[in-house]
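The values are calculated or read from the model by the stated rules, or taken from the named source; none is laboratory data. Note that the structure is a prediction, hence the values are computed from the model and not measured. FYI the Cβ positions are ideal-geometry reconstructions off the backbone, even for glycines, and counts take in every protein chain you see.
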Amino acid sequence: MFPLGLFWRKCSATFLSFYFHLECILQCFFSLAVFGRAIHAIARISDEFWFDPLEKGLALRSVNSSRSAYACVFFSSMFFQHYCCTAVSQPCQKEKQLSLPCKLIIKSVLPVFRCVNVLERNVEKCSISSSPSEHHITFQLLCRHGVVKTYNLTFQECDPLQAVFAKHMCPNILKVHSRLLADVMIHFPTSQEEITLSVTPMKVCFKSYTEEDTDFSRTMLTEIQLNPEEFDYFQVGVDSEVTFCLKELRGLLAFSEATSVPVSIHFDRCGRPIAFSIEDLLLEASFILATLCEAEKEAASPEPNSYLYKCCIFQFHSLFFGAVSYKEAIGDTFQSLVTASDTEEELGALQSSPVL
Amino acid sequence: MRFRAKIVDLACLNHFSRIINTIAKLAKTCILRLTVCKLYFILSDKVANGGASMWCELSQGNFFDEFQMEGVAAEHNEIYLEFVPENLWRALKTAQNAKAVKIKLTNKHCPCLRVAVELPSLSSSSRIVTHDIPVGVIPRRMWNDFREPSVPDFDVSIYLPVLKTMKSVVERMKNLSNFIVIEANLSGEMNLKIETDLVSVTTHFKDLGNPPWASEDGCQSSAQGRDLESMAEACIDIKKLLQLLAGQQVNPTKALCNIVRKRIVHFILLHEEVSLQYFIPAVA
């Protein structure tokens, strides 16, 4: 509907002559449920997704057809009981390529993880493997009573797209437990497509988005006001009002509730993307959604002014919250998710600083 | 015109939302009539159109801790609003552990019932969720369309069996036919029948009892004059009946139905201070 307004990069790699071997085993029941929910969350974005095994772990990526939503879930190798991703270059190929991203149809993978709660009870082990000669990925579920379910899924070799989005440039960062976000979202009807998040340093408000031609006599409007105290971390540099799709966010929330990791929200003014991300030792996920750009609003605030405004607010903000350092804590543990460009660092120090 | 009400008690809130849920399942849109001491939910689909009618009545004192209303004029101290009960149900279903729910008539973009739910939060102040439910204000000249329907001059009045049992029977019959015949007599027997080219199914209920109706105009006496064993039957839309049975959130303390042969089936469900009447016209 509205494009993400991001740069996209294609990871280039030559696939023609290269072997690849992937083997990962999910054992812990918890992990399997988390992995299954990640697939379900990805399914909200698009019909297909990239299965992108890397040396450090496995990434699942997806972009919707209008490129207004991007999702990436990265599981570190430690997430799996056993993870091995090796690439064997052919003799003629000098450069050793590590990744073989492959595109899978979400419909073919969903049945494997259809009912996550049942999986938790019945499946003892899940192994995902791919071997060079066969052109498919194998999901094998080892269930109780010796039942083994094997799914051989063919894939298409294809470069994954990655959204280039510098989260640390966003003036507004909220960090909140996924439970709270889910509690907020249940108030909106399932038919609600977009919601507006508006923030000021004093309050946060989620409300139903209404188009200009909305018939108010037919539409129920819902609004939820939250106190900044309810957030684990609260930084508002610019008063803003962003409108985004609820569908994808609902997917992320179902997933993050399974991991019970807080969700960070990075955003700017309207028209710029909003990122919802979760991060812990074993996995990282980020969902980047386009926000509605209202042309009139943009025109009303010419660039120089808004820049000034930003500076002022930044100053105010640093007073407001005490020490705010822009020290770049370089996330060295994992490759960054949203982008492979060097603009992406985690504001680790910033995010962990408590409010008050 | 002013209206403002507040529910604090959780049990009252849950009871109220169950009633709204029942109504939402019976009517896409309905009329909410407010008077100083009562609320009415009214659905008056014209019988000529094959629709069903509903009349649900509850005393505000049993639910609301505060209830203020001011009608259009002192001599007509009532308010009639048209709204979608599903919207109100949506607002209330996520308010199960609310500290307080306030309902207020407002007029911002359009006339609205504003439902403000105060929920407990992690911080010291509560979390406030507001829903603006659009309503249409019914002008006074149209109030007459929504008068309480009179109890029809029925052939048979009978207590219903446990609604859950009845529901599971009707649910299965629904798969076989679009219409169901309800028949009952004055000696406590009721049958639910479906008939198609391939199959006929009848479920018999016995010893249900016939409610005593105080006779004003000889209604009871005329019934007495009738053969106690003879069945009065009406064929109705099975979906309409199932809607009523499936929508019941609490088993009513009293449930009965009145049958006017080949014309209408009139259901009355009583639960404490709430009464629900539902009229399903017979099909030819």
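Descriptive notes on the structure:
- Out of A:82, A:21, A:40, sole residue that is farther than 30 Å from residue A:246 by Cα and modelled with pLDDT of 80 or more: A:82
- Only listed residue being within 28 Å of residue A:254 (Cβ to Cβ), acidic (Asp, Glu) and modelled with pLDDT of 80 or more, chosen from A:120, A:124: A:124
- The stretch A:113-133, residues that are within 21 Å of residue A:54 (Cβ to Cβ) and either out of contact with any helix residue (DSSP H, G or I) (no Cβ under 8 Å at 6 or more places or on another chain) or among the small types (Gly, Ala, Ser) (or both): A:127, A:128, A:129, A:130, A:131, A:132
- The residues in the stretch A:95-113 that are out of contact with any Leu (no Cβ under 6 Å at 6 or more places or on another chain) and modelled with pLDDT under 85 can be counted, and the count is 7.
- Test: residue B:148 is among the acidic types (Asp, Glu) and either surrounded by 13 or more Cβ atoms within 10 Å (Cβ to Cβ) or within 11 Å of chain A (Cβ to nearest Cβ) (or both): no
- A single member of B:155, B:197 is without any contact (Cβ under 8 Å) to a residue 24 or more places away in the chain and either acidic (Asp, Glu) or in contact with a Gly (Cβ under 6 Å, 6 or more places away or on another chain) (or both), and it is B:197.
- The listed residues are B:194, B:158, B:138, and the only one of them that is within 14 Å of chain A (Cβ to nearest Cβ) and either at negative phi or in contact with a Cys (Cβ under 6 Å, 6 or more places away or on another chain) (or both) turns out to be B:138.
- Residue identified as among the aliphatic types (A, V, I, L, M) and in contact with a Leu (Cβ under 8 Å, 6 or more places away or on another chain) among A:202, A:185, A:169: A:185
- Residue tally, condition polar (S, T, N, Q) and surrounded by 17 or more Cβ atoms within 10 Å (Cβ to Cβ), over the stretch B:151-167: 1
- Every listed requirement among (1) of a type in the set (Val, Ile, Thr); (2) within 11 Å of another protein chain (Cβ to nearest Cβ); (3) touching a residue at least 40 places away in the same chain (Cβ under 8 Å) is met by residue B:129 save one, (3).
- Residue B:44 vs. criteria buried (at least 21 other Cβ atoms within 10 Å of the Cβ), among the hydroxyl-bearing types (Ser, Thr, Tyr), outside the structural domain of residue B:277 (by TED's automatic domain parsing) and under 18 Å from the mean Cα position of the chain (by Cα): no
- Counting only strands (runs of 3 or more DSSP E) that sit completely within the stretch A:175-272, those holding 3 or more residues that are within 10 Å of chain B (Cβ to nearest Cβ) correspond to A:204-208, A:221-226.
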